[in-house]
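The structure appears below as structure tokens.
Derivation of every value follows stated rules applied to the coordinates shown; laboratory data play no part. Owing to the predicted nature of the structure, the values given are computational and were not obtained by experimental measurement. All Cβ positions, glycine included, derive from the backbone under ideal geometry; neighbour counts span all protein chains shown.
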Amino acid sequence: MSLPMKKTILALLIAMCCGLSARAQDFENPLVFGENRLTLITPTLFRLEFAHDGKFIDAPTYFAYDRSNLLPATEFKVRALGDNRYEITTSALRIVYEHDGFPFGLHNFAAYYTLNGKEKKFTNRCIFRNNLGGPIETLDRVTGEIPMHDGLLSRDGWYVIDDERSDLLIDGWLAPRDTKSHVQDQYCFVYGNDYRAALADLGAISGHVPMTRKYIHGVWYCRYWDYTSEEFLSIIDGYEENDFPLDNLVFDMGWHTYDAQIGTGHAGSRSWTGYTWDRTRIPDPGALIAEVHRRGVTVSLNDHPHDGIRPHEEMYADFMADMGADPSKPLLFDVGDRKYMETFFKHAHHSTEDLGIDFWWLDWQQNYLYPEVRGYRSTTLQWINELYYRETERKGLRGAGYSRWAGWGDHRHPIQFSGDAQANWELLAFEVKLTAASGNAGCYYWAHDIGGFRGDPNPELTVRWTQFGALSAALRVHSTKDARLDRRPWLSGKRETAAMRRMYHMRSELMPYIYSSVWQTHSTMVPLNRPMYIDYGHEKPAYENPQEFLFGDNLLAAPITSPGEGEERIASQQVWFPAGDVWYDFFTHERVDGGQVRRIAKPLDEFPLYVRGGWVLPMQPYTPRPASTPLTTLVMRVYPASGDADNTYTLYEDDGLTRDYERGLYATTELNYRRQGEVTTITIRPASGSYEGQVPQRAYRLQLPAMGEIRRVKVNGRAARISYDTQLECPTVEVPATDIRKEIRIEIFGCLLYTSPSPRD
């Protein structure tokens, strides 16, 4: 070997040796540095742990429920920088760490990310400044706007959840954790401007929000009142006779006896807790439930489990025998005791469920006595929501929760309600803001007491609240035990009844879109009621209009939250229309171009609700049972795009009740809108997938508001008849029932963009 070559090889060896300190290295995920562990969960989510003894925690917690997601080794790089310093990079982050034997902190750890086009530095110092808000536990005793709790989303582009003091979940039950050696356990969401990534990260560590039972998203009647069997049936009759839909009937506390003589009680009474049917009011519960079901309505029971099962209950002796306890010494309700809770469910719930009860309303309000699970750090509300939800899955059904919000991780137990809202305009305005922001923490399905739980009757307020409720997780009315307060929508006056009927019918007609949006929330963790900044975070107005939200992908709503004037009770709301789209008034079909803010005035029977142009909005004909009627006719409302466009909306369907969807038993149908010049084509692609109860054939009704002159229409190449809907005031095209596995292609020729006058302002 020549001398020059030897020198070259030597120089290369020296260079390689010198570069060892800055070379890329192979590391397994999690990354362990002595007593420190860094787990990369997604490109924008990582976990920081410190344990003196090197014993890290892999068991789940209430929040960190899913430990299965780790960023693959192919999606991150680690470089040793020398002197125990390391650089870890993902597609979104650059992490610099110096292993010094101390917990991850300000001086040994930093992550660099991009926010608004600039590099920013994140440390786990956890000074929260610009959080965009999240849900609160309850609005009980609240009369106006109050500070919201934090959500994941922040204009700073990051958020940290400290899980260090959380109980573990071992074999499906709470277990204490070692906080003496294991002193750090932080989940760092560092997402910059990508709010959708932050919400997806929540699903990655805490589990995705499950699919709900479809009827949960229907129309509810609920009232705190002691109804008899005949009165419950008369309520259903009233909805039918007055042309209002109904899906769920709630039995509040009056279903059980009020005979308790012992117990701590609640609100001045020992009888809020109860499990024995009051047969003076409901002589034959099974027959009543069967008749309600025969009429196509589900049944929910109110449950305040505060005092457990006490001596006056008919199942007390059997319960105490199974517990091996002395009947003369009643047991306290103990949500932390596994045997107690299993025995409690067996005797308090199962026999009633066997009568046909569909789900329970867990009306837990007793935090003054049981703020935490005895012997653990978990709150009682967190743990009781988990247990109740599990119980509802015991017959192979989807879980069905209805309770107050319990914090991080509670998105796995939908749905939640906001508590006993006060009937006033200020609280309605806050409910709109709160509902949109609640999804920032995973509270995706937030229902409320439409009209307010207590307060003076106000029919106009009830109408405006109903309009908001029609675009919420559930259209649910509720009120306290006050003879003046009954939220049946036909009791408020002729004008008000007509206005509410219009909203109830709209809710029924929108069910295919709503349920498809629920599937989207399950799949992507994007909220059903969505604040504008999730989709338009780069736009300043997205943060300045908290009374406005997207409902699913293609409906923009700004409910009115102030009293109106004049005979028509005209009131207004400010609406920001995002640029890049054209928007159409759902009621009048008037067009508004995006990129502007307008104050929209509306009479009592309308509110600012807009449809994104250039998409297919899937609907159904009005039905009094919107959540259970088979979709034999698909209504497709289509507003034109501002120019050429090609957009596809996915209709989702399943059996609405079981967990079969988890095994892939569901169906999707792509609804494509395409515009090229003066030709618009609507294509219904063949249904993909199947499930029990799927309709084999379907008719289609195409509604074409805001269109110009339509010269002709073809369906699968053949001329089709154009009709005119006088009520909707738009052309329509009917397609007879067709095999859902066959493609339908509808071509509209001469479809010009309609230019309308500006909306009323």
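Things to note:
- Positive minus negative residues near I710 (Lys, Arg vs Asp, Glu; Cβ under 12 Å): +1
- Positive-end ranking of Y191, P176, A204 along the dipole of the range 20-206, with charges on Cβ about the Cα centre, is headed by Y191.
- Here Q697 and I570 are evaluated by their C-beta separation; at R0 = 45 Å the FRET efficiency comes out at 0.50.
- Rounded to 5, percent antiparallel among DSSP beta bridges of the range 217-523: 15
- Calculated [θ] (222 nm, deg cm²/dmol) that DSSP helices of n ≥ 4 give over the chain, each run adding -39,500 (n - 2.57): -5500 deg cm²/dmol
- Whole-number percent relative contact order across the chain, with pairs defined as alpha carbons under 8 Å at least 6 apart: 10
- Rel. contact order, % - alpha carbon contacts under 8 angstrom, at least six apart, the range 535-612: 31
- Looking at the chain alone, DSSP beta bridges between its own residues are antiparallel in about 85 percent of cases.
- Relative contact order of the range 402-559, pairs being alpha-carbon contacts under 8 Å that are 6 or more residues apart, as %: 22
- Helix runs (DSSP H) in the chain reaching 20 Å along axis by Cα, Kyte-Doolittle at least -1.0: 3-18
- Alpha-carbon centroid distance for the pair the range 236-277 / the range 433-494, whole angstrom: 19
- From the coordinates of this entry, Rg/Rh (Cα atoms, Kirkwood Rh) is computed, and it appears in [x] 1.01; [y] 1.04; [z] 1.14 under the label [x].
- Within the range 619-749, percent of DSSP bridges classed antiparallel, to nearest 5: 90
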